[in-house]
Structures are given as structure tokens and as C-alpha cells.
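The block underneath contains the structure these notes are about, expressed in C-alpha cells.
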Amino acid sequence: MDKIEYYVETAKDGNLTLIAMVNGREYPLHSRINPLKEKISAELGAGSGNDILIVLGCGIGYHLLSLKERLSSFSKIIIIDILSGIVEHIKNSTQTSFLMEHSNIEFFCGFAPRELEPILLEEIDFSSAKGLVVIEHPASLRIFDTYYSEVKGIIKRVIDKRISDAATVKAFGRVFLRNALNNLKNFDSLFPVSLVKDEFVDGDCLIVSSAPSAESYMDYIRAYQDGLYIIAVDSAVPMLQKNGINPDFVISIDPQGRIHEHFLGVNYSFIPIFSLVSPPSIVAQYKGMLSLNSHPLSQIIESLFPSVVGSIDSGTGSVAGDSLRFARLCGFKNIGMIGFDFCFNDNLIYARGTAYQDRYSLMFNNRFLSPESFNGAYIFRGTSTLIEESKYTRRNFLNYRDGLSRIIRGFDSSIVFINDIGLRVDGVLYKSFEDFISLCSLRRKENNLRERLFYRRKRLNEILDLQYLLKFLMREDLARELSIESYGRNNFDINIKRLTKVLHSINLST
């Protein structure tokens, strides 16, 4: 982001004011006569139960004067401004220097929007906060509309993620931790995902998901599967194998037991990549490789054994992003993506041949209600008529799409979407299957990929000191953090005893 030039001058009433220079023109951020008139209504941000305050645009901070006596009621105040160096001018202002005296106020000035997202993810935590309110500085938003509009979008994404995280902890935190701890017992049959790094730099791959558009490409994929490495999300495996296609890798990151049905009756010839929180029974049966994710236990393992296990966690919350991260880790030259629609095409939820769609057909196929009718009713009820590009979709689909677009921007590989009926994703090429094939070298794949990758490679229990890890987890401060992150803050004493009991019950010698 280009640095915005500005200068300080004294207004007629003796207070400081800022003048920004944009395209050779001067834009005052405060009145040159009486900047103290900017004070916002005292009711804004006060008495609403919100204890995180975000200020968009600050300048010298005159619009915050009404909050002077209320700042201590906020647990955290985050001030964002496009101008760098304004903190020094606030210090020099007799009116607003109080902003520097509160330990709960943090300034982020002169940051590019992309730099703010990870910062805000770290700063905004709804596990202990009641809510959040945003105050805008009208002059700043008027002069730098593009910048602050982008920041607003980032704040919305961060809030959505944090709310989702809080809901996830409440719904699945116990499952996540139980899975993660029990998967320590599976480390004797798992390899680190880091071992595939740059193993396929001359190869080409196709990532296949289970959205409805994938159905029409089965014949194409089958015809070229000897030259293309096939990376499938777990829900696409039954569909692919029913069409005579054996994927090389399968990405399975869902922690819920329902993923069992994706593996029922399939030909076990692929290499699965699980996350630390995948169901332990599936991991024990299919083995394969392990990827760390954002779970606190993953973070502890990474801190104790840096860069050993590796991760394909994309931060998008979707298997689409993680599959793409895996393809990038492998070093594939050309990456094609099929079945990523981010909407409901043809009033279908999943492609035919997937476990989910087969289940709907089995349960709802009768003289009065076809699977198609059920799908349609499900879509119209579930989407609340959310429409994007004239297609029914869901808010989480759009978040997945936008998250995928963000990570693609930093890639230098040729990433091609082979899909002409889904929602568009910014930053990727759209081509036909034939045009994608024309980019590929189509070198014949190895016959025994598993042997080639795992031969003479050490498993996780051989490269990680798991007894040391368990001893480390039993530290009071670590156990406390694990308990809060997994169970929340309610019933803390009961939960910490439960966690301690689980840790003592883990036997890694069997």
C-alpha cells in the first residue's frame, strides 16, 4: 500500500488538525476552524453490552472525546487508520492524549488491509467478550472510501469466523480434543504430510470434489487418470470409484464420525491425508499421512517439533482450500479443480454416486417424493432464498469461495477451474477440460505410489517424542488452555479434571 502523505497544522481554535495529500489535492481530516465539533453522540458504543470497540479512521481522535469517561468499560479498543505515524500527533494533542493512557487501546496505523486480517483474528476473541461495536470517522471514510470499505469486509470475515469458532467450540470442542488425543495412539501408522513436499514438481494433478457439476466430467477423468494425479475430497471417493476412477490421494479433514460412509465399500488403493482431529477409528483403519491444523494440540506439537509434521490447513474452513494447499505442497505444475460449485446447481445438493446423494435416494425415493424433490425442498428451505449470480447458495459457501480466492492470489502455479456452471472464483483461470489437458505433460504415474513415498520413511511415533509431549500437556498452564479452547470457560473445574483424566489414560505403548 502506498504511504499517504499528510501534514499537521493548527486550527483557528488552537487545536491540531490533519491535512491529507491525495493525488496532489489537500483534504482536511478535521475542521480547520473548530475540530472539537466532531464529537460523536455519547450513546454510541456505550450501554449496549458490547465490550470490544473498533474505531475506523481516527486522525487526531476528536470524535472519541465523548467516550473519554467510558473507555474503561471496553475490554479492548482497536483503532485502525490508513495514516501512519498519527500516534505521535495524538500524544501532542492536549485534547486527545488521553487515548495513550489506556492499556486496553491498540493502534494499527498505516497497515495494508491484507496485513490487518491476521492481526484482527488474533485481537478479536468472543470466548470472553460479550460483543463488538464499530465507530467510524466520517471524514476518513469519505476521503479513503476504498481502503475502509476493504477493512470493513475484513472485519465482517473475522467476526463471521470468530462466531463460527465459538459455535464450533460449543458444538464440537469436546469431539475435536477427544479425536486429537486419541489420534496420538495412531502415530505408529501415520507418516507426516511434510514428506510429499516438492515430490511432484513435474507432475499435473486434478482435484475433485463432490458438487453436482463433477458428474459430467467422469468420462474425461477416467480417460486421463493414468497421466493425472487425482486428489479427491473424501465425499467424492464413492462417485469416482463407481465410475472406474481410483484417486491417488484423498483429503479428509472433517472430525465428525459421519465421514465413515465415504469409505464404506471403497477400494483402498489411495493415500489418505487426515487432520489431527479426524475420527481415530477411520485413521486407524486407513492409515496414510497426517496434517496439523489450527487445533491447540496441533499448535503445541508444532511448537515442540517445528516443521516436522507439516500442514495443509488453508485457514478457509473448507476441504477445497486444504486440497489446494496439499497440491501446492506436492509441487504440481498444473492444478485443475472439478466439482467446486459453491452453489446448488440443477437443484442438487451433491453429485450422484456420492454417499450423501445415495442416502437421500434410498431414504426418500417413493411414489410421492423423489430425491430431486427432496433436494429442491432442502435447498429452498436451507438457503433462505440466498441468491448469487442467479444461483441458490448458502452464506458458508460464499465464505468458502472467498477464502479460496484469497489463498489463490499468492500462488504462482497454473490453477484452472474446470467448471462453467458454478459461482466464479476470483484469481483463477477458467478453461474446458480439453484446454486444461493441453497444458499438462501427462507423464505416466508410478504404479505403486504408496511404496515410493513411504519406503524407508519414518512414521510419526519414530520422529516425535510422544512421551515428552504427554508430559508437557500435563503442565497446569497447558492443560488449562486446552480445556478452555476445547470446552469453553463454563464448568472449568469439572472440565480440567476430565481433561487430566483423559491425558493420564492415554497409553502409547500399545
Discussion item. Anything in the stretch 10-31 that is surrounded by fewer than 20 Cβ atoms within 10 Å (Cβ to Cβ) and of a type in the set (Gly, Ala, Ser)? List them, or say none.
Written reply: Ala11, Gly14, Gly24, Ser31
Discussion item. So if I check each of Lys445, Lys431, which one is farther than 29 Å from Leu195 by Cα and at pLDDT 80 or above?
Written reply: Lys431
Worksheet item: Do you know which residues across the stretch 477-510 are modelled with pLDDT under 75 and within 24 Å of Asp188 (Cα to Cα)?
Response: Asn507, Leu508, Ser509, Thr510
Item to complete: Just give me the residues in the stretch 231-267 being under 17 Å from Ala214 (Cβ atoms) and assigned to a helix (DSSP H, G or I), in sequence order.
Response: Asp234, Ser235, Ala236, Val237, Pro238, Met239, Leu240, Gln241, Lys242, His262
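Of all residues being among the hydroxyl-bearing types (Ser, Thr, Tyr) and in a loop (DSSP other than H, G, I, E, B) in the stretch 73-130, which is surrounded by the most Cβ atoms within 10 Å (Cβ to Cβ)? Just the residue, please.
Residue satisfying both the conditions and the ranking: Thr96.
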Discussion item. For Ser323, only one of the following conditions fails: (1) outside any helix (DSSP H, G or I); (2) within 14 Å of the chain's Cα centre (by Cα). What is its number?
Written reply: (1)
Worksheet item: If you go through the stretch 436-457, how many residues are without any contact (Cβ under 8 Å) to a residue 12 or more places away in the chain and either closer than 14 Å to Ile335 by Cα or outside the structural domain of Ser414 (by TED's automatic domain parsing) (or both)?
Response: 1
Worksheet item: Just a yes or no: is a residue in the stretch 446-457 touching a strand residue (DSSP E or B) at 6+ places or on another chain (Cβ under 7 Å), outside any helix (DSSP H, G or I) and hydroxyl-bearing (Ser, Thr, Tyr)?
Response: no
Item to complete: Working only within the stretch 91-140, note down all residues that are within 15 Å of Ile79 (Cα to Cα), acidic (Asp, Glu) and under 23 Å from the mean Cα position of the chain (by Cα).
Response: Glu115, Glu117, Glu122, Glu123
Item to complete: Please enumerate the residues belonging to the stretch 459-495 that are free of Cβ contacts under 8 Å to residues at least 12 places away in the same chain and either basic (Lys, Arg) or in contact with a strand residue (DSSP E or B) (Cβ under 8 Å, 6 or more places away or on another chain) (or both).
Response: Lys471, Arg475
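Scan Phe472, Phe454, Phe492 and give me the residue that is closer than 23 Å to Gly288 by Cβ, aromatic (Phe, Trp, Tyr) and surrounded by 10 or more Cβ atoms within 10 Å (Cβ to Cβ).
Unique residue meeting the criteria: Phe454.
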Worksheet item: Across the stretch 290-309, what is the total count of residues that are within 14 Å of Ser194 (Cα to Cα), more than 21 Å from the chain's Cα centre (by Cα) and touching a residue at least 12 places away in the same chain (Cβ under 8 Å)?
Response: 2
Practice prompt. Filter the stretch 398-451 down to the residues that are farther than 14 Å from Leu228 by Cα and among the polar types (S, T, N, Q), then identify the one that is surrounded by the most Cβ atoms within 10 Å (Cβ to Cβ).
Written response: Asn419
Worksheet, complete the sentence: Filter the stretch 53-72 for residues that are surrounded by fewer than 21 Cβ atoms within 10 Å (Cβ to Cβ) and small (Gly, Ala, Ser); the one that is nearest to the chain's Cα centre (by Cα) is Ser72
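The values are calculated or read from the model by the stated rules, or taken from the named source; none is laboratory data. These numbers come from a predicted model, not from an experiment. Positions of Cβ are generated from backbone atoms using ideal geometry, with glycine treated the same way; all protein chains shown enter the neighbour counts.
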